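The values are calculated or read from the model by the stated rules, or taken from the named source; none is laboratory data. Just so it is clear, the model here is predicted, and its values are computed rather than measured. For neighbour counting, all protein chains shown are included, and Cβ atoms are generated from backbone atoms with ideal geometry for every residue, glycine included.
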Amino acid sequence: MSKQTKIRRITAPEIAARKGKEPIVSLTSYHAHTAAIVEQHADFILVGDSLGMVMHGMENTLGVSMELMIVHGQAVVRGTKRALIVVDMPFGSYEESPEVAFRNAARIMKETQCGAVKLEGGQSMAETIRFLTERGIPVMGHTGLTPQSTHVMGGFKTQGRDEDTWPDLIADAKAVEEAGAFASVLEGVVEPLARKITEEISIPTIGIGASAACDGQILVLEDMLGLSDWVPKFVKVYGSLGPMIEEAVRSYADEVKSRDFPGEDQVYR
Ligand SMILES: Nc1nc(=O)c2c([nH]1)NC[C@@H]1CN(c3ccc(C(=O)N[C@@H](CCC(=O)O)C(=O)O)cc3)CN21
Ligand SMILES: CC(C)C(=O)C(=O)O
Ligand SMILES: [Mg+2]
């Protein structure tokens, strides 16, 4: 009888222990097939609420529902074996109280079998982060530019340009750490502030638009693949899937019209 070794997933504490060691590699993914590719090279995969904008054409992330996060979270967990899967808590599912946050985070974990959740906010969410982590839910924080607060911030604005705002942004990151988060996304902050925060907190900072000073990096997969029409300045485009898809679709359309497709190989005789 052959003994099958079960591939074990990377855990939240293993991500936390990477601080000061090799940089943590992460990308978003919303589907089973892309997640399977991404996990070959990434430590964790985020099922981000950016899926509302990237996959569903929304203008911001506020319209994303629990159901949408769960459906995509399930797809990504099914498609992967090794990476830690982190699912974003959508706007409105956690801010009201620690109890509401626990109910929704537990539902996400039960229904998707993901390994952790992520929520936006620093000092204001510290009590909630503690409430969840003390009850068995690993939490990833997210401070700096927090897209769910776009209407309060007045848009997706880089944070920390004015040094007077640093103490509050540093306090946010520290509050997340002290509340028991295992890592924290640091989005859209100027490099010297990202460096300072990374030095001052004991959990890994996962940067997006926050310089190479962070302990790890994350990008939206579609952005780095060249599938997005527009990308923020912090994105490096590593692929050109958009033009590749267009080229393939054009060839197909041409061959349908010329009746070259289906050809001999695609016909049942
Ligand atoms: N496709 C996609 N990629 C992302 O990185 C992303 C999403 N969607 N949705 C959720 C949030 C929103 N994000 C954004 C969106 C826009 C800017 C932006 O317009 N940045 C300006 C800088 C403005 C300033 O400096 O104040 C830029 O020009 O890059 C930044 C982050 C990051 N996240
Ligand atoms: C950009 C990352 C950090 C995110 O929160 C998302 O994809 O929703
Ligand atoms: Mg998000």
(request) Using the structure shown, decide if Gly207 is more than 25 Å from Ile137 (Cβ to Cβ), of a type in the set (Gly, Ala, Ser) and modelled with pLDDT of 95 or more. (result) no
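Which of the residues spanning the range 30-50 are out of contact with any strand residue (DSSP E or B) (no Cβ under 7 Å at 6 or more places or on another chain) and of a type in the set (Gly, Ala, Ser)? Lay out the reasoning, then the answer.
So the first thing to find is which residues in the range 30-50 are out of contact with any strand residue (DSSP E or B) (no Cβ under 7 Å at 6 or more places or on another chain), and the list is 31-34, 36-37, 40.
Ala32, Ala36, listed by residue number.
Based on what the data block shows, is Thr61 under 22 Å from Met224 (Cβ atoms) and either in contact with a strand residue (DSSP E or B) (Cβ under 7 Å, 6 or more places away or on another chain) or within 16 Å of ligand 1 (Cβ to nearest atom) (or both)? Talk me through it step by step, then tell me what you get.
Values: under 22 Å from Met224 (Cβ atoms): yes; either in contact with a strand residue (DSSP E or B) (Cβ under 7 Å, 6 or more places away or on another chain) or within 16 Å of ligand 1 (Cβ to nearest atom) (or both): yes.
Yes: the conditions hold for Thr61.
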(request) State yes or no: is Lys157 surrounded by fewer than 20 Cβ atoms within 10 Å (Cβ to Cβ), among the basic types (Lys, Arg) and more than 29 Å from Ala194 (Cβ to Cβ)? (result) no
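Tell me, please, whether a residue that is out of contact with any helix residue (DSSP H, G or I) (no Cβ under 8 Å at 6 or more places or on another chain), without any contact (Cβ under 8 Å) to a residue 40 or more places away in the chain, assigned by TED's automatic domain parsing to the domain that holds Glu22 and within 16 Å of ligand 3 (Cβ to nearest atom) can be found in the range 203-210.
Going residue by residue through the range 203-210, those that are out of contact with any helix residue (DSSP H, G or I) (no Cβ under 8 Å at 6 or more places or on another chain) are 206, 208-209.
Filter again for without any contact (Cβ under 8 Å) to a residue 40 or more places away in the chain, leaving 208.
Within this subset, residues satisfying the condition of being assigned by TED's automatic domain parsing to the domain that holds Glu22 are 208.
Cutting the leftovers down to within 16 Å of ligand 3 (Cβ to nearest atom) gives us 208.
The answer is yes, given that some residue of the range 203-210 is out of contact with any helix residue (DSSP H, G or I) (no Cβ under 8 Å at 6 or more places or on another chain), without any contact (Cβ under 8 Å) to a residue 40 or more places away in the chain, assigned by TED's automatic domain parsing to the domain that holds Glu22 and within 16 Å of ligand 3 (Cβ to nearest atom).
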(message) Among (1) assigned by TED's automatic domain parsing to the domain that holds Gly115; (2) under 27 Å from Val47 (Cα atoms); (3) of a type in the set (A, V, I, L, M, F, W, C), there is one condition Trp166 misses while meeting the rest; what is its number?
(response) (2)
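Select, from Val185, Val231, Val235, Val176, the only residue that is assigned to a helix (DSSP H, G or I) and hydrophobic (A, V, I, L, M, F, W, C).
Step by step, each of Val185, Val231, Val235, Val176 is checked, and only Val176 is assigned to a helix (DSSP H, G or I) and hydrophobic (A, V, I, L, M, F, W, C).
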(message) Please go through (1) surrounded by fewer than 17 Cβ atoms within 10 Å (Cβ to Cβ); (2) within 14 Å of ligand 2 (Cβ to nearest atom); (3) closer than 30 Å to Glu22 by Cβ for Met55 and return the number of the only condition it doesn't satisfy.
(response) (3)
